[in-house]
Amino acid sequence: MSMTTSHSVPFFNFQMVFRRHQEEYTRSIINTVEGGGFILQDAVSEFESSLARFLGCRYAVGLADCTNAMVIGLRALGIGHGDEVIICSHTFLATAQSVYHTGAVPVPVEMRADRTIDPGAIGPAVTSRTKAILLTQLNGRCCNMDEVSAVASAYDLIIAEDSAQALGARFGGRHAGTFGRFGAFSFYPSKLLPCFGDGGALVTDDEGLAANVRSLRNHGANAHKVLDAGCDVWGTNCRLDNLQAAILNVGFPHLPAALARRRQIARTYHAAFGELNELCLPPGPDDSGRYFDVYQNYEIDLVERDALRDFLHANGVGTILQWAGVPVHQFRNLGFRQDLPVTDAFFSRCLLLPMNPYLTDEDVLYVCCMVRAYWGRPPWTTIVPTLAADFVALTP
Ligand SMILES: *Cc1c(COP(=O)(O)O)cnc(C)c1O
């Protein structure tokens with residue numbers, strides 16, 4: 001590819017979400033609304049079954065979004081006033097908000113090089129009030145669940161998972177979202193499985209927890225979806241819309257191909273950037289058999305972050321800073337006082353490159369060429385093939 005080609009690669013193109021499977025989506029939307037299926041109808045239960053089957057867990061409950069899924073999941077576990085919940089500071093503020101809205105206090109701790117929580121930072125943050133760790137399975141990668149589980153059992157802490165970025169990610173063959181008492185997922189349009197607005201789910205193997213969450217999402221209604229005088233919980237409304245569920249049912253069969261494409265792009269970025277010592281790359285798709293990463297994001301780490309970013313933007317490549325460049329503990333006005341130097345340093349260096357299944361081969365090669373061109377390296381022309389193993393690992 002010529003360096004002079006005028007090309008542009010937006011960080012994310014929201015119009016592609018619908019366009020990718022336009023006819024299927026249109027048919028499903030019309031069928032659903034023509035049939036009057038708006039609230040908690042068949043599309044929701046069909047989606048819940050597909051999600052549970054894909055993850056290999058017993059229950060999935062469709063919810064309005066991931067933030068509310070975490071709020072009611074934590075509430076259903078009895079977490080509230082007087083409790084503390086440990087989180088990684090490298091997460092969306094929503095993780096902390098969900099803890100706050102139960103009445104508990106979120107306690108952010110350090111990350112480590114793979115961008116997930118540092119298991120060694122958990123113990124020192126534990127107090128007599130600590131009840132749980134709400135892990136973030138970040139960038140389409142699971143935390144090292146052996147190490148985290150060992151710490152959690154040593155301190156008798158509940159594990160729950162913010163898996164908004166990790167649908168399909170695995171550690172040791174097991175899916176993100178299925179290690180803790182519950183996992184929460186997001187179907188925000190730029191997430192791994194998109195809907196056309198807000199959508200989320202909670203998954204669990206715990207029958208009682210699933211029943212509580214079903215009740216809490218629907219104003220405290222009983223199993224027959226009836227709100228009777230026996231109601232003894234303060235429920236809320238955070239149901240997954242039936243129409244969003246219908247949209248998710250269309251997207252679900254296409255998920256394995258979309259995740260395999262993300263892994264292929266990551267493999268190509270890895271090949272193209274491997275020789276650039278100036279860049280610290282995220283773990284690669286083939287780095288370890290224990291991890292199966294699905295690349296919600298491709299987050300690089302480099303001293304010259306701002307200069308590379310300016311160069312890429314000048315050449316039409318969209319990038320963003322995750323969380324707009326602000327990890328949780330830096331929200332001082334929300335009361336955080338933690339001193340987290342590893343995370344502070346990382347946030348002066350990190351950058352997200354375009355990473356989504358709507359990128360064409362030409363887009364991917366253009367990004368590769370432009371990053372290499374910043375350091376005067378010759379163009380890159382090879383898309384690394386998708387491995388059959390990716391599809392095998394992604395098929396339930
Ligand atoms: C997107 C995201 C959320 C929020 O999901 P919503 O469905 O928008 O509430 C929470 N945590 C992480 C890590 C996310 O990436």
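Every number here is computed from the coordinates shown, using simple stated rules; none is lab data. It should be emphasised that the depicted structure is a prediction, and the values quoted were computed from it without experimental measurement. Heads up, the Cβs are rebuilt from the backbone with ideal geometry, glycines too, and the neighbour counts pull from every protein chain shown.
What the table shows:
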| read-out | value |
| --- | --- |
| Stretchable slack from residue 237 to residue 321, in nm (0.36 nm times residue separation minus alpha-carbon distance) | 27.0 nm |
| Sparsely packed trypsin sites (Lys or Arg not before Pro) within region 296-358, loop by DSSP, other Cβ within 10 Å at most 11 | 337 |
| Sequence-separation-based contact order of region 171-223, relative, with Cα cut under 8 Å and 6+ spacing, percent | 26 |
| Amide H partners (placed H, <5 Å) of residue 320, local residues excluded | 352 |
| Antiparallel bridges, percent of DSSP beta bridges restricted to the chain (to nearest 5) | 60 |
| Kirkwood Rh and Cα Rg combined as Rg over Rh, evaluated for the chain | 0.97 |
| Whole-Hz couplings from phi, Karplus 6.51/-1.76/1.60, listed for region 115-129; x for Gly and Pro | 5, 9, 4, 7, x, x, 8, 6, x, x, 8, 6, 10, 5, 9 |
| Region 270-319, relative contact order in percent, only Cα pairs under 8 angstrom and at least six apart counted | 31 |
| ³J(HN,Hα) computed for each position of region 353-366 - Karplus, 6.51 cos²θ - 1.76 cosθ + 1.60, integer Hz, glycine/proline x | 8, x, 8, 6, x, 8, 5, 7, 4, 4, 4, 4, 5, 5 |
| Point-charge dipole on Cβ atoms (K/R +1, D/E -1) for region 307-379, about Cα centre, debye to 20 | 260 |
| Residues whose placed amide H lies under 5 Å from that of residue 88, excluding near-sequence neighbours | 109, 136 |
| Cut-off under 5 Å, modelled amide H: who pairs with residue 291 long-range | 172 |
| Selected from 109, 37, 328, residue furthest toward positive end of dipole (the chain; charges at beta carbon) | 37 |
| Relative contact order (%) - the chain, alpha-carbon pairs under 8 angstrom, separation at least six | 22 |
| 0 to 90° range, to nearest 10: angle between helix 42-55 axis and the chain longest Cα axis | 60 |
| Peptides ranked, highest mean first, by Cβ atoms within 10 Å: ranges 158-170, 21-33, 196-208, 270-282 | 158-170, 196-208, 270-282, 21-33 |
